Structure formats: structure tokens, C-alpha cells
Amino acid sequence: MGLLLAFVAGAGSAAGQGKPDAPKPKTPPDSQPADSNAQQDDNPKRILGIIPNFQTKNDIPAERKPMTVREKYALAWHQSVDISAHFGDAFQAALQQASDGQPHYGQGWGPYAQRFGAAEADQVTSAFFIFGFLPHVLHDDPRFFRKAKGSPWYRVRYAATRTVITRTDSGNPTFNTPQVLGQLLQQSISTAYYPEQDRTVGRVFQNWGTNLAYNSAYNVLKEFYPDFLRIVFHKRPNSAPGK
């Protein structure tokens, strides 16, 4: 049997001599190597290892594909239950405890647990409105699209204004109703579990404004954080393992 196979192989080799080489198959478009100059998504899913950053994408055509309804609610779910969100809420409660924020809670482990529970509830309700429900019904895109290019001032201004400007699913700029109204709805709901003295209309609007300002600062952090990693840790964008 082995001799027969060797004979057939030799005959095939001989028959093939004198014939032009068969054309090499073309590489399918999907398997073409990526352009080395193309901007890649270098946004970590967590900032400093604890702050959720699932909604940040680079502002390039490949990342602008509209989200499905399911993807919007999945984003809201991840913003609510990811372990980094819980660490962030615990850290926020600790800062409030240290600075005696919302002093009607008081001090001690019991008031800290109340602050933490309130932060957890705020996280769930805000994520539902900002990333899920309102983007769904309004056909808005809840993601933050990072410019990554341009002057520092231009990027700061762009990132900070994304609190009030977002995009529709079709890519057109629009007022960021999910963020602005979503934060207000969340603060209104929070009156159900905040201390009685903090349930006034004035306190609701005060916290609402604070959260919008915080979101603008957070957007600036998301805009520049990959640059920070690259400069401080010499981390290359989306580098392949082993490189």
C-alpha cells in the first residue's frame, strides 16, 4: 500500500512538471491584515481598575455602528452589576463619610452602610434611565465617543459638552435627553430612600446639577485616560499579546 501511494504521488509530481503554477487563492477581505495606521479601540473597560468604562468608544467609523435595543439594556445591566460598580459605590460612600456629605446620615458603620446602599440604588436607577430605557425610546446612542485627536483644549471642551450633546442612532447630534433627564429622574426616585431632610425639591436639583458636573469631569477623564496609560506606562494601544 505504501509503495502504491508513493507511486501515485511521484506520477502526480511528474505530470505537474511543465505546467504553470496554480494561482494562489485570494485572501478573503475579512482576513486582510488591519491597517497599522488605523486607530484601534484602546479604551479600558475599567478606569483605575474600579470605575466602569463600558460605554466609551473611539470616534471612528468602525465604532459608530448603532446599538441594538438589547445592547442598550445590556450596557445598563453591566453598569449596574459589574464588580467595579460596587467598588466605586463603596469608595463614593467612604468619601461621603469622610467629608460628612449629606450629614443627616450621621457617622459610624450603620450610616456608612446606608450611604453605600443609597449609592447602589442610585447606580441601578441612573443606569436604567441613562443607558437603557431613554436611549431605547428616544433612539439615542448612550455611548461616549472619544476623539483621541486634536488640541487638549478642543478635547476637554468636546468631552465636557457630551453631557448635554449626544448622537441619535443614525449618528446625528442631538440634545442628551437620556443623561440630563435620566439624572433628574434618578434624583427624584432617590427621595424614597434618602434621609427625610434631604428629600426637598431644592436638594433634588442640587444633586442633579452636581451629578451633571461630575459626568462632564468623568467624560474628560475617559477622553484622556488612554493617553495617561500610554505616557506613564508606555502602553501601546490595543497591542497584541507578546508584543
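Working from the pairwise distances between different alpha carbons, so that the mean of 1/r is found and then inverted, what is the stretch 122-243's Kirkwood radius in Å? List each step's numbers first, then the result.
On the way: mean 1/r = 0.0620 Å⁻¹.
Radius from the Kirkwood sum: 16.1 Å.
With each label point set 7 Å from Cα along the Cα-Cβ vector, what nm distance links GLN206 and SER151?
With each label placed 7 Å out from Cα toward Cβ, I get 3.8 nm.
For the stretch 44-91, what is one quarter of the convex hull surface built on the Cα atoms, given in nm²?
For the stretch 44-91, the mean projected area of the Cα convex hull comes to 3.7 nm².
Taking only the C-alpha atoms, wrap a convex hull around the stretch 58-141 and report its volume per residue in Å³ as a whole number. Walk me through the intermediate numbers first.
Values: hull volume 9.5 nm³, N = 84.
Cα convex hull per residue, to the nearest whole number: 113 Å³.
I'd like the carbon and sulfur percentage of the solvent accessible area for the stretch 143-243, probe radius 1.4 Å, heavy atoms only, ligands and nucleic acids excluded.
62
So if I place +1 on the C-beta of Lys and Arg and -1 on the C-beta of Asp and Glu, and nothing else carries charge, what would the dipole magnitude of the stretch 123-211 be about its Cα centre? I want it in debye, nearest 20.
With only Lys, Arg, Asp and Glu charged at Cβ, the dipole is about 540 debye.
Given 0.36 nm per residue, what is the gain on full extension from TYR193 to ILE50 after removing their alpha carbon distance, in nm?
49.0 nm
Residue separation times 0.36 nm, minus the C-alpha to C-alpha distance between TRP109 and PHE91: what's the value?
Additional length available on full extension: 5.1 nm.
The values are calculated or read from the model by the stated rules, or taken from the named source; none is laboratory data. Remember, it's a predicted structure, so these values are computed and weren't measured experimentally. Cβ: placed from backbone, ideal geometry, glycine included. Neighbour counts: every protein chain shown. Please note that ligands, DNA and RNA were not included when accessible areas were found on the heavy atoms of the full protein model with its side chains. Shrake-Rupley method; radii C 1.70, N 1.55, O 1.52, S 1.80 Å.
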